[in-house]
Amino acid sequence: MSTATTEIKVPKEGLFSKKNKKLITDPLNDSNPITVQVLGICSALAITVQVQQAVMMSLSVIVVIMAGNVIISMLRNVIPDRIRIIVQLVVVAALVIIVNEVLKAFVPDISEKLSVFVGLIITNCILMGRLEAFALGNRPGPSLLDGLGNGLGYAWILLAVAVVREIFGSGAISFPGIGQIKFIPASFFEAGYMNNNLMILPPMALVVVGIIIWIQRSKNTKLVEKA
Amino acid sequence: MAFDKNSNGFTFTFAIIMVIVVGTLLALVSMGLKDKQNQNAENKKRMDILGAIKVEATRENAAQIFEQYVKEAYVINFEGNKVDGDISAFTVDIQKDYRDRELAEENKYFPVYKCEKDGKTLYVVPMVGKGLWGPIWGFIALESDYKTIFGAKFDHKSETPGLGAEINQPEFQKRFTEVYGQRIVDSSSKKYFEILKGGSVPVSKNQVDGITGGTITSKGVEEMINRTFIIYFNHFSGLQSVTN
């Protein structure tokens with residue numbers, strides 16, 4: 001994407017122009033950070049045992065990736081090339097720490113549930129990827145949307161994996177405040193059905209992500225690499 | 001551009017400014033929120049202690065309800081003797097003491113919370129230990145026979161969700177009091193308390209089953225209970241001989 005020309009050609013482009021909308025919709029499918037770019041797999045495997053954790057992780061990533069994108073985008077003309085990765089890392093790390101501190105002070109219950117996951121955001125390659133590939137070359141507005149789009153693209157895969165894993169691994173999905181909602185009827189268990197313990201372990205998340213990629217590519221053939 | 005953003009001078013200047021700005025910002029945020037975070041942590045501790053004696057509390061009313069139920073809070077030393085003086089039991093950080101290898105046993109203090117609930121006297125014993133990934137901790141409330149478990153509350157820092165992390169769920173904690181009837185911490189047994197493999201049925205009164213797939217965390221809970229009660233049984237046997 002040639003940034004310089006974008007800026008000169010359409011200086012007054014609306015925030016929700018067709019092209020900018022694509023920034024949000026593209027990562028949901030065609031350039032999904034997890035299933036197509038295969039980034040952020042580590043966290044997708046680690047925290048998809050339960051839906052509520054996946055939701056919280058997704059929300060935190062969306063917030064941090066949007067803020068990080070905007071900050072890097074605003075600084076993009078002064079960041080020296082040689083230390084740009086360090087600058088990105090510092091910005092993301094600082095944001096994550098601030099978010100964590102604020103959560104701890106004002107919503108301690110949520111902060112406890114998130115525990116280590118907030119820290120894990122720093123290591124999420126999607127963030128670094130977006131900062132490096134998009135925010136460094138684009139204006140803050142589009143960068144914000146790009147962050148939102150990629151955050152959402154990350155979120156829906158996480159949710160899909162978490163739903164599958166929690167239903168087959170635990171037989172029920174627990175929601176904060178509501179309690180567990182059973183998806184596998186008790187009669188199944190009486191008939192000898194057992195929760196699949198493998199579903200709770202990370203390897204199964206990889207298989208589930210693989211199946212999602214398979215389904216996505218069979219529907220969206222332009223993603224299939226030419227042999 | 002009037003300046004060369006890739007010159008050595010600017011690169012260094014940028015890095016230095018960035019570090020100072022970010023460092024100051026983080027320090028300010030941390031200092032500004034410190035009081036509120038400490039307050040949250042204290043209320044959480046009060047809620048956990050109240051949870052062990054099965055009293056529901058929220059962060060808002062924890063301090064008030066704590067006053068109401070906890071009649072006496074004091075510390076004992078590693079021999080189980082009550083320590084007089086002005087050591088506040090609530091502020092003793094047993095987790096820090098536990099991890100501090102330099103600190104000698106005789107310089108550690110162990111808090112006891114004596115509570116009154118519905119005419120019963122309950123002793124809440126705090127404990128810390130090691131899980132699979134990080135620290136675990138808990139509170140066990142004993143009835144006035146110094147062995148029957150009235151309530152148990154456990155929590156962890158970073159155990160695996162769905163596995164070891166289940167120790168902070170009511171499903172696990174109820175095994176100590178409701179599922180198999182009230183369990184006891186048995187000072188006459190070789191192991192005061194035993195956590196069996198997940199799914200097995202306890203045969204004696206000082207056993208519960210652990211979490212399937214969370215074996216190391218379950219064993220951590222067992223180790224924590226046994227290690228802690230060595231000290232507290234010294235104290236309780238002293239109390240018992242006074243009352244008898």
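FYI, it's all coordinate maths here, none of it is from the lab. On a predicted model such as this, the values are computed, not experimentally measured, just so you know. Using ideal geometry, Cβ is built from the backbone for each residue, glycine included, and neighbour counts are taken over all protein chains shown.
For this structure, a couple of remarks:
- Coarse-grained scattering of the range A:119-219 at q = 0.14 Å⁻¹, given as base-10 log I(q)/I(0) from a Debye sum over alpha-carbon atoms: -0.74
- From least to most packed, judged by other beta carbons within 10 angstrom and beginning with the fewest, B:187, B:218, B:237, A:58 follow the order B:237, B:187, A:58, B:218.
- For the range A:35-222, the Cα gyration tensor yields ellipsoid semi-axes of 34, 20, 12 Å (square root of five times each eigenvalue, largest first, whole Å).
- Prolate/oblate/rounded label for the range B:71-243 (Cα gyration tensor, a/c 1.5): oblate
- Zone residues, the range A:80-113, relative to residue A:132, backbone N less than 20 Å from point 7 Å out along Cα-to-Cβ: A:80-96
- Largest first, the extents of the alpha carbon coordinates of the protein assembly as shown on the three principal axes equal 92, 61, 36 Å.
- Helical contribution to [θ] at 222 nm, DSSP H n ≥ 4, -39,500 (n - 2.57), averaged over chain B, rounded to 500: -13000 deg cm²/dmol
- Shielding of peptide B:158-165 by partners, expressed as the average count of other chain Cβ atoms within 10 Å per residue Cβ, is 5.
- Mean separation of Cα contacts under 8 Å, 6 or more apart, over the residue count of chain B: relative contact order %: 14 percent
- Shape of the range B:27-92, Cα gyration tensor, a/c cut at 1.5: oblate
- With neighbours defined as other Cβ atoms within 10 Å of a residue's Cβ, the residues B:149, B:65, B:16 order from fewest to most as B:16, B:65, B:149.
- Cα gyration tensor, the range A:9-103 - rounded (a/c under 1.5), prolate or oblate: oblate
- Nearest 10 degrees, 0 to 90: helix A:140-170 Cα axis against chain A principal axis: 10 degrees
- Theoretical gain in end-to-end length, residue B:83 to residue B:212 [0.36 nm per residue, Cα-Cα removed]: 42.4 nm
- Exposed-loop-free span, longest in chain A, where chymotrypsin sites (Phe, Trp or Tyr not before Pro) count as exposed if DSSP calls them loop and at most 14 other C-beta atoms lie within 10 Å: A:17-182
- Proxy reagent accessibility, fewest Cβ within 10 Å first, across B:166, B:194, B:105: B:105, B:194, B:166
- Sites residue B:240 and residue B:105 - FRET efficiency at Förster radius 22 Å, r taken between beta-carbons, to 0.05: 0.40
- A crude spin-label estimate for the pair residue A:194 and residue B:179, with each label 7 Å from Cα along the Cβ direction, gives 1.7 nm.
- Estimated from helical segments only, the mean residue ellipticity of chain A at 222 nm is -20500 deg cm²/dmol, where each DSSP H run of four or more residues counts as -39500 (n - 2.57).
- Lysine pair number, Cα distance threshold 23 Å (strictly under), chain A, separation 8 or more or different chains: 14
- Compared with the dominant Cα axis of chain A, that is its longest principal axis, helix A:202-219 is turned about 70°.
- On the basis of the beta-carbon distance and an R0 of 41 Å, residue B:15 and residue A:159 show a calculated FRET efficiency of 0.55.
- Cα-based helix-to-principal-axis angle, B:8-52 vs chain B, degrees rounded to 10: 20 degrees
- Each of residue B:27 and residue B:191 was given a label point 7 Å from its Cα along the Cα-to-Cβ line. The distance between the two points is 5.1 nm.
- Exposed loop sites, defined as trypsin sites (Lys or Arg not before Pro) outside DSSP H, G, I, E and B with at most 15 other Cβ atoms within 10 Å, are absent from the longest region of chain A, namely A:13-225.
- Separation in nanometres of the label points that stand 7 Å from Cα toward Cβ, at residue B:56 and residue A:81: 6.3 nm
- The magnitude of the dipole of the protein assembly as shown, with charges of +1 and -1 set on the Cβ of Lys/Arg and Asp/Glu and taken from the Cα centre, is near 1540 debye.
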